[in-house]
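Scroll down for the structure; my scribbles are underneath it.
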């Protein structure tokens, strides 16, 4: 490793602190052989969510993304785990919750800007360098890169756990043709602890470090169709994402960092009242929720999840709102989920309404949910 690259690495570390990067690490750009084997297994078991880059070769070989790649720079930014002045959910006004990773401004934008600044810094020093940065939606696995770069170890909850910030960190990386001295990966500190696997609401953590994405509540909250009934009762009041495997982790105990003002949550946005969400317009949704990462799939999944949350609370005051959806909403998923929710809440006075809607409904899936709701009310 020549002195020029050693000096540039030191300068990059110093500059990263100046621009608010909480942790930076360097890794080789060699093929991620172990990851490749795991991804093939995931694919064979149908454990993938469908949101990932489908080409396993691209996910595991940085040179296919940046020719002659030599290094990967990994970064991590810590986000808050506790909300100041969190509003309480009351019997009159039930509330839902967005996961911690969706608090504040969309982290994709925050990390991309940090990586853009790093790229500009490198270009000024080494105009010949080639680079490509990515956050979450890129070809590479953020977690595999962070693990190799010594940012943290890969926990049994499938999150990167850092000694300093626990797993409450956003990750991003940059592939470059510059050869930097790689940092040393950290030793796995999960040991015999298996809490995250044991308390996963849906059993999505098949075993430590292996996730069936199709069962994961964080994934399920982002789907747009009907949610399988077996998962509806596990959703609770979650509108987007799930924090259970993080909140039970001993490594996260006492970890709460407020280092970036743009990551601070607006309590009324990340813990919103449920009933107003049922009829929110596209414009209102974009104005209120557009800046957070949990809005990326649009309002429909959030509204469906809000209906399920009202059923979770057995909120009888929401019955008129749910029946209004059955009568007026053009989307079968919303009508059908509302029909199920009315039955789940158990207000027998709504039975006649469900029977009337069944007589006029044409969609087969909604009819099935209406029948389900009626059965619950006549048991």
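Computed from the coordinates by the stated procedures, all read-outs in this text should not be read as laboratory data. These figures come from a predicted structure and were not determined experimentally. A quick note on method: Cβ atoms are made from the backbone with ideal geometry, for glycine too, and the neighbour counts reach across all protein chains shown.
At-a-glance table
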{"item": "Choice from 96, 298, 152 showing the highest fluctuation, given a GNM over the chain with Cα pairs closer than 10 Å", "result": "298"}
{"item": "Net length gained if the chain between residue 283 and residue 7 were fully extended (0.36 nm per residue, minus Cα distance)", "result": "94.3 nm"}
{"item": "Gaussian network model of the chain, springs between alpha carbon atoms under 10 Å - residue of 129, 311, 339 with greatest fluctuation", "result": "129"}
{"item": "Exposure proxy order (Cβ contacts within 10 Å, fewest to most) of 354, 239, 325", "result": "325, 354, 239"}
{"item": "MRE, 222 nm, helices only [DSSP H, n ≥ 4, -39500 (n - 2.57), over the chain, to nearest 500]", "result": "-11500 deg cm²/dmol"}
{"item": "Within the range 232-249, backbone nitrogen closer than 17 Å to the virtual label 7 Å beyond the Cα of residue 164 toward Cβ", "result": "none"}
{"item": "Spatial extent of the range 195-378: Rg and Dmax, with the Cα atoms as the point set, Å", "result": "17.8, 57"}
{"item": "Residues in the range 116-138 reached by a label modelled at residue 262 [backbone nitrogen below 12 Å; 7 Å Cα→Cβ]", "result": "116-117"}
{"item": "Relative counts (whole %) of C-alpha pair distances in the chain, using bins that are 20 Å wide", "result": "26, 51, 20, 3, 0"}
{"item": "Gain on full stretching of the segment that runs from residue 14 to residue 116 - 0.36 nm per residue minus C-alpha separation", "result": "35.1 nm"}
{"item": "In degrees, nearest ten, helix 107-125 long axis to first principal axis of the chain (Cα)", "result": "20 degrees"}
{"item": "Label-point separation in nm, residue 58 to residue 188, each point 7 Å along Cα→Cβ", "result": "3.0 nm"}
{"item": "Rh by Kirkwood over Cα pairs, then Stokes-Einstein D for the range 262-325 at 1.306 mPa s and 10 °C, µm²/s", "result": "127 µm²/s"}
{"item": "Segment residue 228-residue 93, extension gain: residue separation times 0.36 nm, minus the distance between their alpha carbons", "result": "46.0 nm"}
{"item": "Spin-label proximity, residue 324 to the range 276-295 - amide N less than 14 Å from point 7 Å beyond Cα toward beta carbon", "result": "276-281"}
{"item": "Neighbour-count order for 357, 313, fewest beta carbons within 10 angstrom listed first", "result": "313, 357"}
{"item": "Rough spin-label spacing in nm, given labels placed 7 Å along Cα→Cβ, for residue 372 and residue 125", "result": "5.6 nm"}
{"item": "Proxy reagent accessibility, fewest Cβ within 10 Å first, across 277, 130, 310", "result": "130, 277, 310"}
{"item": "Förster-model FRET efficiency, 35 Å R0, residue 362 and residue 108, C-beta, rounded to 0.05", "result": "0.30"}
